[in-house]
Amino acid sequence: MSDIKYHLPKGSSGDGPYDLVISPESAGWGHSGLRILTLVPGEAHALSTGDSEFLVLPLSGSCTVTVDGESFQLAGRSGVFDSVTDFAYLPREAEALISSASGGRFALPCARTEAVLPPRYGRKGDVPVELRGAGNCARTVHNYCLPGTFDADQLLVCEVLTPGGNWSSYPPHKHDEARTDALGNPVESELEEIYYFEIAAGPQGPGFAYQRVYGSAERPIDVLAEVRSGDAVLIPHGWHGPSIAAPGYDLYYLNVMAGPGPDRAWLICDDPAHGWVRATWEARS
């Protein structure tokens, strides 16, 4: 039986101005969170960051972010399938105001941190765009806030666009324990992860996709969720993938990660039963 507590359907976890609220407390873990904020034209929202660092990442629309005496104009985008977007970084213990003249929807990924970094603007043109996989495993990754792409203390954020009919987050992988190899080199990091989904509609209405998460006898987890726009899936541990885009419906998901390690790193381990698939991509790309 699927662990339904890890699948949050649209509307099941909203609060006030937020369509979705995932906090460390609500998720039952210690580090990562996500809010989805909708603003009508001319509306503004005050955000206290508390013990966490945040991004303001437009999903649709534009906004102005004012924090610690600085203002950042985010041009945003018309929708998640249209382009990469610019974004803003908000530090811990900050008071921010997010205002939108034309209205829009904004993702607010966050991670608990002890460090206070300066607020900053992330240029659209500086976001690395990665083509990953090949054939029916091909997808496009926007690496907004990862080690080497944008500086943060604990927060890791990227988004993935998968064409309809393709398999993404594949082969299944995990990052739920800090491990090193025989030489002491780190090979896996411990990270909690949130998947937030949007799916392009078809001519007859909304689309859908599927998300798989599974564990081991020692750390069981069992999720096979049909996901739709506005849904989220929590991944506290275990192998995750594939994310399957139904034919005819392009799939978008936002990944938010954070963990307890002192080093901010995204180090994954493929499921040994399926990792061989990566070796086939070179011949097909």
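Being touching a strand residue (DSSP E or B) at 6+ places or on another chain (Cβ under 6 Å) and at pLDDT below 95 holds for only one residue in GLY248, GLY261, GLY207, and it is GLY261.
Residues are listed down the side, and each one gets a yes or a no for (1) open to solvent by less than 30 Å² (accessible area, probe 1.4 Å); (2) within 26 Å of GLY14 (Cβ to Cβ); (3) not charged (D, E, K, R):
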{"position": "ALA200", "(1), (2), (3)": "yes, yes, yes"}
{"position": "GLY207", "(1), (2), (3)": "yes, yes, yes"}
{"position": "GLN211", "(1), (2), (3)": "yes, yes, yes"}
{"position": "GLU218", "(1), (2), (3)": "no, no, no"}
{"position": "VAL223", "(1), (2), (3)": "yes, yes, yes"}
{"position": "ARG228", "(1), (2), (3)": "no, yes, no"}
{"position": "GLY238", "(1), (2), (3)": "yes, no, yes"}
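For residues that are β-branched (Val, Ile, Thr) and over 18 Å from LEU55 (Cβ atoms), tally how many sit in the range 137-187. Final tally of qualifying residues: 4.
Scanning the range 224-241 for residues that are assigned to a strand (DSSP E or B) and either of a type outside the set (Gly, Ala, Ser) or under 14 Å from LYS174 (Cα atoms) (or both) gives LEU224, GLU226, VAL227, VAL233, LEU234, ILE235, TRP239, HIS240, GLY241.
Strands (runs of 3 or more DSSP E) fully within the range 66-136 that include at least 2 residues being open to solvent by less than 10 Å² (accessible area, probe 1.4 Å) and touching a residue at least 24 places away in the same chain (Cβ under 8 Å): 87-90, 95-100, 104-112. Among the residues of the range 12-30, those that are part of a loop (DSSP other than H, G, I, E, B), open to solvent by 50 Å² or more (accessible area, probe 1.4 Å) and either at pLDDT 95 or above or at negative phi (or both) comprise SER12, PRO17, GLY28. Give the range 96-155 a look and list any residue that's charged (D, E, K, R) and more than 20 Å from LEU191 (Cα to Cα), or say none. The answer is ARG105, ARG120, ARG123, LYS124, ASP126, GLU130, ARG132, ARG139.
Looking only at residues of the range 137-173 that are of a type in the set (D, E, K, R) and open to solvent by less than 20 Å² (accessible area, probe 1.4 Å), we find that the one that is nearest to ILE194 (Cα to Cα) is GLU159.
For every residue, the table says whether it meets (1) in a loop (DSSP other than H, G, I, E, B); (2) in contact with a helix residue (DSSP H, G or I) (Cβ under 9 Å, 6 or more places away or on another chain); (3) farther than 30 Å from ALA115 by Cα.
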residue	(1), (2), (3)
SER243	no, no, yes
PRO247	yes, no, yes
VAL256	no, no, no
ARG264	yes, no, no
VAL277	no, yes, yes
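Can you pull out the residues in the range 264-285 that are of a type in the set (D, E, K, R) and modelled with pLDDT of 90 or more?
The answer is ARG264, ASP270, ASP271, ARG278.
The values are calculated or read from the model by the stated rules, or taken from the named source; none is laboratory data. Bear in mind the structure is a predicted one, so any value in this text is a computation, not a measurement. For neighbour counting, all protein chains shown are included, and Cβ atoms are generated from backbone atoms with ideal geometry for every residue, glycine included. Each accessible area value is taken on the protein alone, full model and side chains, heavy atoms only, with ligands, DNA and RNA left out. Shrake-Rupley method; radii C 1.70, N 1.55, O 1.52, S 1.80 Å.
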